[in-house]
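The values are calculated or read from the model by the stated rules, or taken from the named source; none is laboratory data. The structure displayed is predicted, hence computed values, not measured ones. Every residue, glycine as well, gets a Cβ built from its backbone with ideal geometry; the counts of neighbours run over all protein chains shown.
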Amino acid sequence: VGAIEGDEELTPLGHHLAKLPVDVLIGKMMLFGGIFGCLSPILSISAFLSYKSPFIYPKDEKQNVERAKLALLTDKLEGLSDSNDSSTQSDHLVLMVAYKKWQKILLKRGTKAAQQFCSKYFLSSSVMYMIRDMRIQFGTLLADIGLINLPNKNQTGGKKKDDLDSWFSDESQMFNMYANHSSIVKAILCAGLYPNVAATEQGVAGAALSNLRKSSNSAAKAHPVWYDGRREVHIHPSSINSQLKSFEHPFLVFLEKVETNKVFLRDTTIVSPFSILLFGGSINVQHQTGQVTIDGWLKVTAPAQIAVLFKELRLTLHSILRQMIRNPQVSL
């Protein structure tokens, strides 16, 4: 996950991850969420992924639950500033929006209205309160390592929980400067979940694709075929991406694999090639063909100078993290 260098020394990222008592993938997301100014959505997503989905599936209501998920995303009242079709191609953004709407209703209209919201969208009220507590816990961990600041009076008893959770949601804070930009949130998801990545044929390098096709069922498919670098994989039926026939980009990140008669990917988000270039593995630039290979199997078509630019951006990010180790209170 980028925490250890070749000589087994901790990288700057590794130093910070070692201080966070959470899963390393979640820790990466939290760190980058603070650095890139979209802390609140990443705190919500990290909490859900660490705990469980808030969605309840009553008997014979599966279709209604899936409709409720889409309704949460497509309701522009809490819309993201760069909302487009690709914004709906993410299970993680559903979780983010669900919490944001619930939190707003709870603070403005009270517990009864929040419960009604949960009933309407098939959400567990107890899970939502747990997520609030976990957001506060995760945000406080980031404050402890100097990544973000806390308000002067941060007691967490009684009503103060709402105050502290509101602080982590405050869009006037530097750590939330881009909290409403779905493209940045999804880039941070890529940073955290990589190498949990899959690609369609369009995003797989030629040599790797030939080998993967041999392991795939060659029958005609109604949906794009996804690969994880070793074999064909499938989007889990519970994902809002499972029934789509076209995707904004040929890459997705996921939380986990579940293997039954097929290999399924749970909790998926479609991510852009730029996210893969910035947060993926080792980059190999093929100047003549204008192709970039990441980790030996993912393929991005881009001019060589773009690939070189992203290499420089990676070094800059590495430098920022190193600076933060020397001076945890450094302003980002």
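With the condition kept exactly as written, say whether any residue in the range 122-138 is within 27 Å of Gly37 (Cβ to Cβ) and over 23 Å from the mean Cα position of the chain (by Cα). There is no residue in the range 122-138 that is within 27 Å of Gly37 (Cβ to Cβ) and over 23 Å from the mean Cα position of the chain (by Cα).
Within the range 172-183, residues that are at negative phi and in the same structural domain as Lys100 (by TED's automatic domain parsing) have Cβ atoms under 7 Å from residues that are buried (at least 16 other Cβ atoms within 10 Å of the Cβ) and among the β-branched types (Val, Ile, Thr) in these pairs: Phe175/Ile148; Tyr178/Ile184, counting only partners at least 6 apart in sequence or on another chain. The numbered conditions (1) within 17 Å of Ser40 (Cα to Cα); (2) surrounded by 15 or more Cβ atoms within 10 Å (Cβ to Cβ); (3) modelled with pLDDT under 95 are all true for Glu66 except (1).
Among the residues making up the range 286-332, those that are in a loop (DSSP other than H, G, I, E, B) and either of a type in the set (Val, Ile, Thr) or modelled with pLDDT under 80 (or both) are Thr289, Asn327, Pro328, Gln329, Val330, Ser331, Leu332. Please find, within the range 161-218, the residue that is surrounded by the most Cβ atoms within 10 Å (Cβ to Cβ) out of those that are of a type in the set (Gly, Ala, Ser), under 18 Å from the mean Cα position of the chain (by Cα) and not in a helix (DSSP H, G or I). Per the criteria, the residue is Ala199. The condition (being in contact with a Phe, Trp or Tyr (Cβ under 6 Å, 6 or more places away or on another chain) and either farther than 25 Å from Met96 by Cβ or hydroxyl-bearing (Ser, Thr, Tyr) (or both)) is satisfied by just one residue among Tyr194, Tyr178: Tyr194.
If you check Ser246 against the conditions, is it within 23 Å of the chain's Cα centre (by Cα) and either assigned to a helix (DSSP H, G or I) or outside the structural domain of Gly206 (by TED's automatic domain parsing) (or both)? When the stated conditions are applied, Ser246 does not pass them. Is it true that some residue in the range 149-157 is closer than 25 Å to Thr269 by Cα and either surrounded by fewer than 20 Cβ atoms within 10 Å (Cβ to Cβ) or touching a helix residue (DSSP H, G or I) at 6+ places or on another chain (Cβ under 8 Å) (or both)? No, because not a single residue in the range 149-157 is closer than 25 Å to Thr269 by Cα and either surrounded by fewer than 20 Cβ atoms within 10 Å (Cβ to Cβ) or touching a helix residue (DSSP H, G or I) at 6+ places or on another chain (Cβ under 8 Å) (or both).
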